[in-house]
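Trainee: For reference, the structure I am asking about is given below.
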Amino acid sequence: MDSTSCLAQLVPLEAVLFDIDGTLCDSDPIHLLAFQGMLQEIGYNGGVPIDEEFFVKHIAGKHNDDIADYLFPDDRVKGAKFLDDKEALFRSLAKEKVKPIDGLFKLKKWIEDRGLKRAAVTNAPRPNAEMIIEVLGLSGFFSAVIVGSECEHAKPFPDPYLKALEMLKVSKDHTIIFEDSVSGIKAGVAAGVPVIGLTTQNPAHLLMEAKPAFLIKDYADAKLWAALEDIDKKGGQITA
């Protein structure tokens, strides 16, 4: 099934849900930089900096509890403290470095013009999520920010997306999710919502294993706009 027909099934469209890191902005390189410096400082991996492959496999898109368990399996307290410090470093770096994914504001206008509901759904700590949303100028765009640690289970479980659907009072059958990680795509698919994957950081072949509806490079991708145009042709949105 092509991308156009995938989204056409969602008519009338009610809501759009976004992950944050790697989906609203390409923040993964900033996370990688923070992890590399801090892990090297404590002598992790014999003092050899972790590489992008390690980051994608063991860190990207995962909840901090799971990352801490992997990096420090024998010391949960140390792991939790390390991740708290790393997030503080990330926030200080991101304030200057974070930039929106190409085409994000064009898509934002498309969503607003059609009166669609929207929420941000993330495994990131709430301070990170709110900081990125504010820096990108999206504070007034999202009516809800769902954080994995505030749900019974974080991504890759569906709980955060199910909570978003409940808070927005929308149907999974009339909602789209944008995600950039295997963990996030799995969560959306498990919630029964079609997921459009972004190849911001993670390899396409890995993302496809999580079964997204289709993949795009960014929000300027012609494949996305062909699908959205098809929704418009079918009168496929609920206006405010």
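Trainee: Take the Cα coordinates of region 38-125, assign each an equal point scatterer, and use the Debye formula without solvent to give log10 I(q)/I(0) at q = 0.15, 0.16, 0.19 Å⁻¹.
Mentor: -0.74, -0.81, -1.00
Trainee: Let me ask you something else. Working out 0.36 nm times the residue gap between ILE42 and ASP232, then minus their Cα-Cα distance, what length gain in nm do you get to one decimal? Don't jump to the answer; show the numbers that get you there.
Mentor: Values: separation 190, 0.36 × 190 = 68.40 nm, distance 5.35 nm.
Residue separation times 0.36 nm, minus the Cα-Cα distance, leaves 63.0 nm.
Trainee: At q = 0.08, 0.12 Å⁻¹, what log₁₀ I(q)/I(0) does a Debye calculation on the Cα points of the chain give, no solvent, two decimals?
Mentor: -0.29, -0.64
Trainee: If you find the alpha carbon centre of region 146-177 and of region 101-131, how far apart are they in angstrom?
Mentor: After rounding, the separation between the Cα centres reads 14 Å.
Trainee: Then there is this: To the nearest 20 Debye, how big is the dipole of region 179-240 about its Cα centre, given +1 on the beta carbon of each Lys and Arg and -1 on that of each Asp and Glu?
Mentor: Dipole magnitude for region 179-240 comes out near 160 debye.
Trainee: Of PRO100, ALA60, ASN123, which is farthest along the charge dipole of the chain in the positive direction, counting Lys and Arg as +1 and Asp and Glu as -1 at C-beta?
Mentor: Going by the Cα projections, it comes out as PRO100.
Trainee: Roughly how many debye, to the nearest 20, is the charge dipole of region 2-118 about its Cα centre, given +1 on each Lys and Arg Cβ, -1 on each Asp and Glu Cβ, and no other charges?
Mentor: 540 debye
Trainee: For the chain, what proportion of DSSP beta bridges, expressed in % and rounded to the nearest 5, is antiparallel? Could you put the intermediate results ahead of the total?
Mentor: Details: 1 of 21 bridges.
Bridges in the chain are about 5 percent antiparallel.
Trainee: While we're here: Would you calculate a helix-derived [θ] at 222 nm for the chain, using -39,500 (n - 2.57) for each DSSP H run of n ≥ 4 and dividing by the full residue count, to the nearest 500?
Mentor: Helices in the chain give a 222 nm mean residue ellipticity of -14000 deg cm²/dmol.
Trainee: Further question: What is the percent carbon and sulfur in the accessible area of region 76-193, measuring with a 1.4 Å probe over the protein chains and ignoring ligands?
Mentor: That share works out to 53 percent.
Trainee: What is the magnitude of the charge dipole of the chain about its Cα centre, with +1 placed on the Cβ of each Lys and Arg, -1 on the Cβ of each Asp and Glu, and no other charges, expressed in debye to the nearest 20?
Mentor: 580 debye
Trainee: Let me ask something else about it. Across the Cα atoms of region 4-89, what radius of gyration and what greatest pairwise Cα-Cα distance (Dmax) are found, in Å?
Mentor: Gyration radius and largest Cα-Cα distance of region 4-89: 17.0, 55 Å.
Trainee: Which is farthest toward the positive dipole end of the chain among ILE50, ALA34, ALA226, measuring Cα position about the Cα centre, with Cβ charges +1 (Lys, Arg) and -1 (Asp, Glu)?
Mentor: Final value for the positive-end residue is ALA226.
Trainee: Here's another thing I want to ask about it. If each of SER92 and MET167 carries a label point 7 Å out from its Cα toward its Cβ, how far apart are those two points in nm?
Mentor: 2.9 nm
Trainee: Loop by DSSP (not H, G, I, E, B), at most 15 other beta-carbon atoms within 10 Å: where is the longest site-free stretch of the chain for trypsin sites (Lys or Arg not before Pro)?
Mentor: Details: sites that count: LYS169, LYS234.
After excluding every exposed loop site, the longest remaining stretch is 1-168.
The values are calculated or read from the model by the stated rules, or taken from the named source; none is laboratory data. Remember, it's a predicted structure, so these values are computed and weren't measured experimentally. Neighbour counts are summed over all protein chains in view; Cβ atoms, including those assigned to glycine, are modelled from backbone coordinates with ideal geometry. Quick note on the areas: whole protein, heavy atoms, side chains included, nothing else; ligands and nucleic acids left out. Shrake-Rupley method; radii C 1.70, N 1.55, O 1.52, S 1.80 Å.
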